[in-house]
1. Taking residue B:410, is it of a type in the set (Val, Ile, Thr) and crowded, with 17+ Cβ neighbours inside 10 Å?
2. I'd like the residue in the range A:159-184 that is among the hydroxyl-bearing types (Ser, Thr, Tyr) and assigned to a loop (DSSP other than H, G, I, E, B) and, out of all such residues, is surrounded by the fewest Cβ atoms within 10 Å (Cβ to Cβ).
3. Could you please find all residues in the range C:117-148 being within 12 Å of another protein chain (Cβ to nearest Cβ), surrounded by fewer than 14 Cβ atoms within 10 Å (Cβ to Cβ) and among the hydrophobic types (A, V, I, L, M, F, W, C)?
4. Could you tell me how many of the residues in the range A:156-178 are more than 8 Å from every other protein chain (Cβ to nearest Cβ) and of a type in the set (A, V, I, L, M)?
5. Taking the range A:182-198 on its own, how many of its residues are in contact with an Asp or Glu (Cβ under 8 Å, 6 or more places away or on another chain) and either more than 16 Å from residue A:106 (Cβ to Cβ) or more than 7 Å from every other protein chain (Cβ to nearest Cβ) (or both)?
6. Which residue pairs have Cβ atoms closer than 6 Å, lie 6 or more positions apart in sequence or on different chains, and pair a first residue in the range B:287-313 that is within 18 Å of residue A:110 (Cβ to Cβ) and within 11 Å of chain A (Cβ to nearest Cβ) with a second residue that is crowded, with 21+ Cβ neighbours inside 10 Å and among the hydrophobic types (A, V, I, L, M, F, W, C)?
7. Given the criteria at the interface with chain A (Cβ under 9 Å from one of its Cβ atoms), surrounded by 24 or more Cβ atoms within 10 Å (Cβ to Cβ), assigned to a helix (DSSP H, G or I) and modelled with pLDDT of 80 or more, does residue B:44 qualify?
8. Looking at residue A:131 and the list (1) crowded, with 22+ Cβ neighbours inside 10 Å; (2) assigned to a loop (DSSP other than H, G, I, E, B); (3) within 13 Å of another protein chain (Cβ to nearest Cβ), which single condition is not satisfied?
Amino acid sequence: MDRREFIKWCSLLAVGSMLGGCRKLPFMGDAAKKDLPSLKMFEAEVRRAMSKPSHRMELVRVPMPGRLKTLGASLENRFGMAIDLDACDGCGKCILACIQENNIPLVTEDEAAKGRFMHWIEMRGGVPFMCAHCGNAPCERACPTGAANHTPDGLSAMMYKRCTGSRYCGANCPEHARKFNFNDAVQQGLSLKFNDKVPVRSKGVMEKCSLCLHRLQDDRLEVKTAGGVWRGRGVNTACAEACPKKAIVFGNWLDPDSPLVKVARRRDLYAPADLAGLDPSIVYMMGGK
Amino acid sequence: MVRILFIVFLCLLVPGLASMGYSLWQGPAAWSVDTGVFWGLPISLFVFWIGLAHAGTLISAIFLVLDVKMERRTSILAELATLCALVVAVIFPLMHLGVIQNFYMVAPYMESRGSMANVCSPLVWDFCCILAYGLLSVVYLVVHVLADKSAVAASIHRPLAWLLFPMVLWVHTIVSLDFAATFVPAWRGAFFPIYFIVGAVFSGLAMVNIMLCAEGYRMRQLEKLMLVGSWFLGAFLLWDFALKGNLSVTVLVFAVLLPQLMFVSAVRESTLGRVLVSSSIIVGLLLERVFLVFPSGVVGFGWVDLGLICFGFGLFGVIFLVARLKLSRVIEGEEVLMGEVEETVPKRPATGRFSYFAPLTTPEFRMLRFPLLLGIIACTLFLVWVVGCLEENGIAFSDANLVPLTCPIITTVAGIVLCLRPLVMHIGKVGGVVMVALAALLGVLAGMVYGGVTSVPSGAVVSSTGDMLDVGTLPDSTSTLDSVAIIRTKAVFEARCAGCHGADGRLNEKFVREYYPVPQNLDISRMDALGEDSLVNVILNGRTNMNPYAGRISPQMARGLVRYMRLLAETPAADNAARNEGGDE
Amino acid sequence: MTPLMSSLACVMALAQAFFLWRGKMHILKEGLLLFGFFCISCVFTLLVGSPDDPQIEHYPLRMLALCLCFSTTSLPRYRRRYLVMAQAFWLWVELFGGIALAYRGIEFAWARSLAIFLLCCSSTLLSRISKEMEFCLMVFWIAIWILF
């Protein structure tokens, strides 16, 4: 075999094995699209995620969240939530409500076995946990493209279009609140579009609790068009709406009339120990009435 | 021998290609990923290969700088290995990305949409450093190869080495900051920069030693340096253990204990012994990186992961061998390729080299001062611009975060300027044309990145109330809107556009950051320059900054909106405020 | 790290520097010495520093850098070059260690880094280094170590 021949065979072999790796490629198309999942499947997945063994987070006392210290932060608004652990019984209705509000996809069997669910809210030892929208968020500092950013109103927001999927934010979150889209949910028939207002995230993008940003935006648009001062008073998040015990309270930390401030003022506030120093917007309430 | 090696590497590369293809197709779900940090083998391999990539340049540059003589064949070999390892290394962070085609967004380069890469992120520093380093390594190798024939190339060889020396160290330091500048408990360590540099140099020395064995000669100084490296790596591993309490015994055995066999003369003197010891170092350091990236333990290593490791080694071997054969005329001593030859260290010239130079008068400095000055000026301008952009966008940053960007910028500019003079002297007409073409291409690319690409809304079109609103009977294009139409258009504008563009058409500054991309500021001169038709087109079909509204509003309405925007732009802000208040009554 | 202990570390570095680059240069000998000094510095840091203080993470490296700075004054030739390089190493340790620590909320020691940087730059201007100049440099280094 001379050299030319040798190289020819080698390159053929290389191309062949490359195609072997991409073996799904030729069979792609609409035929591959699976049927849409049913709501039952989402419910089953929530039950499965909740049955996953998890340990309770270590909670420490924190003061009431105040004004953000970031550049250009709003003086009027800082949205957040408080979760009443005395009332919460860990039923998981918030998870399902969140899925339906934010079009969170199912995961494949493989991913589920690895415990990689997409749920923005998860139960950690019976305590609902979601992104705490830290005022001093480590994920935003690590994000190379600026896709993870902070809004003036205190939300840790995501620009899905700008995310390049380096997963650096996920690595840098002490509580691992961020979820990575390992699958193309639409392509694999894992996604059901419950809510038209929220886009379905594409493959390879990070996502997490958005504090129902779209609801806030809608409300803001309405109030601003009418010309008033917007304090987000009419808004509530999907999980807070769904909670049968009213354990989740959404509101504006800087608005003294907000239900959140009214409730939280009388209670002791807690946050996960490794987030306590990062100025979280979402805290837990226990004791002290 | 070469053919056998070639076949061995191909055998590694081909299955590696399969797993690479599968990974690219499947995305990060293909290989095993740590559940805590979302990172997996590609990052370990990146750190490993970039470490090897530093070794070559570092070894030849350091030795050149420190006046330790190395034979040309050794140093060129090392530099060649550097480039090959760099090619392998850049593949891994790219494939690691979830959305590979968005990788350019990591470059700290403002787009017209106004979004800036977050210069506080170590990944941005990484991107800049590797780009600059790759460019300069190529230049350095070319200069080194040419240095034999051309005096001009030889004259810039040493200055280039001085430029590269800090750059190499800088790159690996930045790689270490990817880990050290996070909140992951296992990655905490202010000593990481030096630890990583030691690891990189150490693995590089092992690689160069293996290559020298394959070429059939040896360099005792490198072997001694390798031993010293193993001690320091051991010290760092123990220090890591003392601080955080995690120690990998496998790494300690492979990378620290086994290399001590070099003290046994039977091992030291046999080629096989040297190869085995060097290989154990390579394995140990690869394992070290793997354990580093998986803080909560390595689980579920599959065929894809193994394939990726094979891919790295196979690709490196194949590229290296091909380049080695192509360059064999340049690398002297081709005829003794496989013979056993001792590396002879040339005697130092007794005079000349040791002659004393008054401060700032060395020939290298004379060559470097002008390029360096330009580099520093360029870097300062860039930083001022970046700070301006960041402040404009209200992004918080600390000055310390800008420091890592300085070295790559200064070095790149200085390196290019340094090479320009010999380049201009060397290339003929054809070369000149190619150069100009390349520069033009670069400019076009920069412009394309600046312009961005059309963004399509992710997911389906957001539908809400009032689909296909119409302004009713819109007058023909010559006249302006009548008062009824204005009120209707105003309602649509405030429902649809005001969220970003502001009710007065001057951007809702506070709100725009919640949107992506950041909308344009529509002032009168800009609108006139664009023309009504093109603006209607933008509203209907979208552009960089805009989502398309065709199907949600009628073309007539779009035209009405454009005219309304013009109306807003014509009136001063105060009037608009008054008009808004009037409208609300 | 208490001021007393950091002065002790400085004295240790000075003592270690005394043993470096004596007689003929052997890679293995000098490497072993440096390795030994580094280990001693690590043990010293562990004994003296509080484990909760992240600043101890690169303390042994800082000691090693200081030791290298001191040792360059006794080199036979190329003193200026190695002087600058040793200080650059120190700057490196401080600068990048500082950046890594800054992410965890420890304030970046601008004064120290800047002082080393300035000293590093100005020592490139040194002509033949006299005994007095050596002494001056040492005083500067000790001052940076203890004061900033």
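1. So residue B:410 fits the description; yes.
2. So the residue we want is A:164.
3. Residues satisfying the conditions are C:121, C:125.
4. Counting residues in the range A:156-178 that are more than 8 Å from every other protein chain (Cβ to nearest Cβ) and of a type in the set (A, V, I, L, M) gives 2.
5. Pass one, the range A:182-198, residues in contact with an Asp or Glu (Cβ under 8 Å, 6 or more places away or on another chain): A:182-183, A:189, A:194-195, A:197-198.
Checking which are either more than 16 Å from residue A:106 (Cβ to Cβ) or more than 7 Å from every other protein chain (Cβ to nearest Cβ) (or both) leaves us with A:189, A:194-195, A:197-198.
Of the residues in the range A:182-198, 5 are in contact with an Asp or Glu (Cβ under 8 Å, 6 or more places away or on another chain) and either more than 16 Å from residue A:106 (Cβ to Cβ) or more than 7 Å from every other protein chain (Cβ to nearest Cβ) (or both).
6. Here the result reads B:304/B:30; B:304/B:31, each pair linking the range B:287-313 to a residue that is crowded, with 21+ Cβ neighbours inside 10 Å and among the hydrophobic types (A, V, I, L, M, F, W, C).
7. On the way: at the interface with chain A (Cβ under 9 Å from one of its Cβ atoms): no; surrounded by 24 or more Cβ atoms within 10 Å (Cβ to Cβ): yes; assigned to a helix (DSSP H, G or I): yes; modelled with pLDDT of 80 or more: yes.
Here the answer is no, as residue B:44 does not meet what is asked.
8. (3)
The values are calculated or read from the model by the stated rules, or taken from the named source; none is laboratory data. Remember, predicted model here, so these are calculated numbers, not experimental data. Cβ coordinates were reconstructed from backbone atoms using ideal geometry, including for glycine residues, and neighbour counts include every protein chain displayed.
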